[in-house]
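Worksheet for the structure shown next.
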Amino acid sequence: MRRNTNQKTTSKAKRQFNRRRFLKGTTAALATSAVMGKSGAVSSDVSTPEMWSDPETWGGSTPSAGDEVTIGSDKHVVLDQNTPNLGGVTVQGVLEFKDGAYRELTSDYVLAEGDGMIRIGTEDEPFQSKAVITLTGTETDESIRGSGGMAIGTKLFGTFDGGIIDIHGASREKTDWTQLGATANAGDQRIQLKEAVNWEPGDEIVIAPSGTDPTEAERRTVESVDGDTVELNSGLDHDHFGETQEAKGRTVDMRAEVGLLTRNVVMRGDNEVSNPGGEGTYNNPTKGDTSLEYETGFGAHGIFAKDPKRVQIEGMEIYHAGQTGHKARYPLHFHHANEQPNSYIAHNSVHDSYQRGYNSHGTGNVTYERNVGYDINGHCFLVEEGLEAEQNNVFRENLVVFNRRVRRGDRPFGGRASASGDSNEQNDFRPAAFWISNPNNVLEGNHAAGGYLANGFFYDGRGGFEVDEADIDITFRNNTAHTYSADAELRYKNLARGFGVLVQMFPDGVEQFPFPEAPEHSIEGLTAYNNGHSAVWTEWSHTTLEDSVIADFRVGHFAIGGSTTRSNLFVGSSNNPVGRGGGGDFFSTSDTGSSGDSTHEEYDEAVEKAIEQKRNGSDGAKEPRKETKIGNGSYGTSQVSKKLNNSSSYGTEKTSKNPNSSNGTRTTSTYYGTSDGTGIFNDTIYYRDTPSNEANEFDSVVQPSRQRIRALEVS
């Protein structure tokens, strides 16, 4: 084995030992070289596999603690024993984990480069036993490869300048996540799911929140499984809703998600350095609770940089990962990997992450499918920089349960209190379960299930993106977002959080609404409920919210710049009794320190009178509502959601003319209201500084540029 001459050494003794191993390894090397086939797979004639435990593999003695080991291009080494804590492992040939028993590789880093491959199982024969990669170290400023923006750091598992990762754990066959089949109440130790699962005793799971409080997500251990019924190690602390509701021919599905955290292949940071608690724990007592408390650490990170040949990871669990405050140090991270049509990340879990989750940076054509993220600091799934290469990634049927905002000092890209979300800061002050900076990616069937001062899905183009206007192609289908909380300062527009879906694609410094050539696209099939700010906020040309179900909302759809809502069901108050989010004022500003661009609007007797006059056909309905403008913003919104008469019956459908269309296009949405025709859920004012038109009535709300519209939705 050769010593890696690029590796930084830490002591004279270590250098001497590795030099000795280099000499022995040279005489023991096989003559056969690794040969790459056209498919990118390593041919079977690389060399005869040699056992790690065999001293002859290493020229006389197996690696010891602190050794930096390189598996040359002419070597195929099979890990058949647990290792000591190595100084590093570089793979230029093949490193394969032997199945049949527990295997653990402990090292400061594990890296495949060139034609090198790290293999744990295959697609045809997934790894059945337990395999663990434990990464160690505290050298926060060290990088084993690259420099500047391509420095990959240490305490890593990954690739650089080539390299192949093939990980196929048998856990890929387990149920990644599902939903409750019946409501689970606080104190229950048995839960019923909507389908039978193949979990096992000892597996860890997470049950998502159902109401408005994202911290009601709960982790439990499986005691036993009988079909669709799971016995837990202890009773639940909170209620979790598990029913559907039929309304106007549509199904309102608010069943809490349940995700599997345990996998049989594991990548983790070492406990000594990455273990939570101590100085790494942050809590902001001014919030009045411990909801913002979180754990920081210098954890492991997975990075696949500079054109890996292939990265396929399935059935892997990652925890104590991410390196707080350090750029490009995330649990699973494609870093300027460019086109990756043969790569996928599927059936994995990332939990207890110190920084973010699954990241495509400068990378396209990766498929992320049926993964779980839980307890994530910052964004969970993200497309990082809006680069041209970051297109055609597919995010399908993934689950995120509880991600949170991080304090300024812990954000890898900083973050001012009034940050605009530019490319240098990446909006970690209002993170998202799915944060998308390049719109040309596919999101379908994902569930974003709760976040503290965070958002579900955030299309964020404020830092700019390298896509021509005519080529913009947003694909968003059948996703769910719920339980995203907002703090007391709901200030438009750079600080607001608590959105189910937020589309803000206008780059900083660019006049809004200048994109006539942008094609039409839809937010389609969305289910959103119990979000603290708005179910949907679209601030982009040609966006249509359609065929969606919005329930228990404060704001259903806030539309700017030609956005439209069409053929949706809005449920003012559902049959979900857990922490109802419907009703109440839209904005709740703090007593002190309020600033920024927003409007706070009070619901008072004058408004009630104006609405009543509108019902009676009086012009009095055009009287302005009481408005308090905060700051010097050019536009804002305020909305009240209200249920009258405690009725649960249906309202009527209405059609309304789209004022932003010259041909009088008509759009339709359904509001779930009262049977007597008096229910009013949304009394919304959209305005510019200089109003230019009279009040109009819409149930499909469209906000044209520089117009003032009063939208009264009457059931």
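The values are calculated or read from the model by the stated rules, or taken from the named source; none is laboratory data. Just so it is clear, the model here is predicted, and its values are computed rather than measured. Methodologically, a virtual Cβ is constructed for each residue, glycine included, from the backbone with ideal geometry; neighbour enumeration extends over all protein chains shown.
Could you please let me know if SER47 is buried (at least 18 other Cβ atoms within 10 Å of the Cβ) and among the hydroxyl-bearing types (Ser, Thr, Tyr)? Yes: the conditions hold for SER47.
Across the stretch 518-549, the number of residues qualifying as assigned to a loop (DSSP other than H, G, I, E, B), among the aliphatic types (A, V, I, L, M) and modelled with pLDDT under 90 comes to 1. When the test is whether a residue is surrounded by fewer than 24 Cβ atoms within 10 Å (Cβ to Cβ), among the small types (Gly, Ala, Ser) and part of a strand (DSSP E or B), GLY362 passes it. Checking the stretch 99-114 against the condition returns no match, with no residue being part of a loop (DSSP other than H, G, I, E, B) and in contact (Cβ under 8 Å) with a residue 60 or more places away in the chain. Quick check on the stretch 179-192. Is at least one of its residues touching a strand residue (DSSP E or B) at 6+ places or on another chain (Cβ under 9 Å), of a type in the set (Asp, Glu) and not assigned by TED's automatic domain parsing to the domain that holds PHE241? No. Checking the stretch 101-122 against the condition returns a match, with at least one residue being farther than 19 Å from VAL311 by Cα, of a type in the set (Lys, Arg) and in contact with a Leu (Cβ under 6 Å, 6 or more places away or on another chain). Scanning the stretch 229-247 for residues that are surrounded by 15 or more Cβ atoms within 10 Å (Cβ to Cβ), touching a Ser or Thr at 6+ places or on another chain (Cβ under 9 Å) and not in a strand (DSSP E or B) yields HIS238, ASP239, PHE241, GLY242, GLU243. Per the listing VAL69, VAL110, VAL89, VAL77, the residue uniquely farther than 24 Å from LEU332 by Cα and of a type in the set (A, V, I, L, M) is VAL77. The listed residues are VAL252, VAL225, VAL206, and the only one of them that is among the β-branched types (Val, Ile, Thr), surrounded by fewer than 22 Cβ atoms within 10 Å (Cβ to Cβ) and either assigned by TED's automatic domain parsing to the domain that holds ALA321 or not in a loop (DSSP other than H, G, I, E, B) (or both) turns out to be VAL225. As a summary of the residue check, ASP161 satisfies the conditions (1) assigned to a loop (DSSP other than H, G, I, E, B); (2) among the charged types (D, E, K, R); (3) surrounded by fewer than 23 Cβ atoms within 10 Å (Cβ to Cβ) except for the one numbered (1).
Right, HIS168: touching a Ser or Thr at 6+ places or on another chain (Cβ under 9 Å), at pLDDT 95 or above and buried (at least 24 other Cβ atoms within 10 Å of the Cβ) or not? Against the criterion (touching a Ser or Thr at 6+ places or on another chain (Cβ under 9 Å), at pLDDT 95 or above and buried (at least 24 other Cβ atoms within 10 Å of the Cβ)), HIS168 does not qualify.
One line per residue, one yes/no per condition, for (1) within 30 Å of ARG404 (Cα to Cα); (2) of a type in the set (S, T, N, Q); (3) in a loop (DSSP other than H, G, I, E, B):
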site: ASP141; (1), (2), (3): yes, no, yes
site: ARG145; (1), (2), (3): no, no, yes
site: PHE157; (1), (2), (3): yes, no, no
site: THR178; (1), (2), (3): yes, yes, no
site: ILE191; (1), (2), (3): yes, no, no
site: VAL197; (1), (2), (3): yes, no, yes
site: THR221; (1), (2), (3): yes, yes, no
